[in-house]
Amino acid sequence: MSRVRLEFTVEPFVDAQPGEHVLAAWRAVEGRGYTLSRGPFSSEAVVSAGEAPSLIQEVLRAALWGGATHVSFQVDVLDGDTP
């Protein structure tokens, strides 16, 4: 099965004090059992290409309902994989 790297940014973001909108987005990814790499500029996880569209929707919904003012995504197919 193919995999993609899902990278996303949720704003506003305050380093060391992520708001509920950021925490909710993180929980959406971790709730599906994926390992999340959290950074000050973006967060990322390697996910199944088949699950990526619904996961993006879930992250977006969680972040917006939590009060986000901006959410951006980048999706990269990993080397050797095809969607």
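The values are calculated or read from the model by the stated rules, or taken from the named source; none is laboratory data. Here the structure is a predicted model, which means the values were calculated and not measured. Positions of Cβ are backbone-derived with ideal geometry, glycine not excepted, and every protein chain shown enters the neighbour counts.
Brief remarks follow.
- Residue match in the range 62-77 (condition: touching a residue at least 40 places away in the same chain (Cβ under 8 Å), on the phi < 0 side of the Ramachandran plot, within 10 Å of the chain's Cα centre (by Cα) and not in a strand (DSSP E or B)): yes
- Within the range 73-83, the set of residues being surrounded by 11 or more Cβ atoms within 10 Å (Cβ to Cβ) and polar (S, T, N, Q) comprises just one member, Gln74.
- Number of the condition not met by Val10 [criteria: (1) touching a helix residue (DSSP H, G or I) at 6+ places or on another chain (Cβ under 7 Å); (2) of a type outside the set (Ser, Thr, Tyr); (3) assigned to a helix (DSSP H, G or I)]: (3)
- Whichever residue in the range 13-58 is in a loop (DSSP other than H, G, I, E, B) and among the acidic types (Asp, Glu) and, among such residues, is farthest from the chain's Cα centre (by Cα): Asp15
- Tally, over the range 15-64, of residues that are surrounded by fewer than 14 Cβ atoms within 10 Å (Cβ to Cβ), of a type in the set (Asp, Glu) and under 20 Å from Ser2 (Cα atoms): 1
- Across the range 1-10, the qualifying residues are those that are at pLDDT 95 or above and farther than 14 Å from Asp76 by Cβ, and the one among them that is surrounded by the fewest Cβ atoms within 10 Å (Cβ to Cβ) is Thr9.
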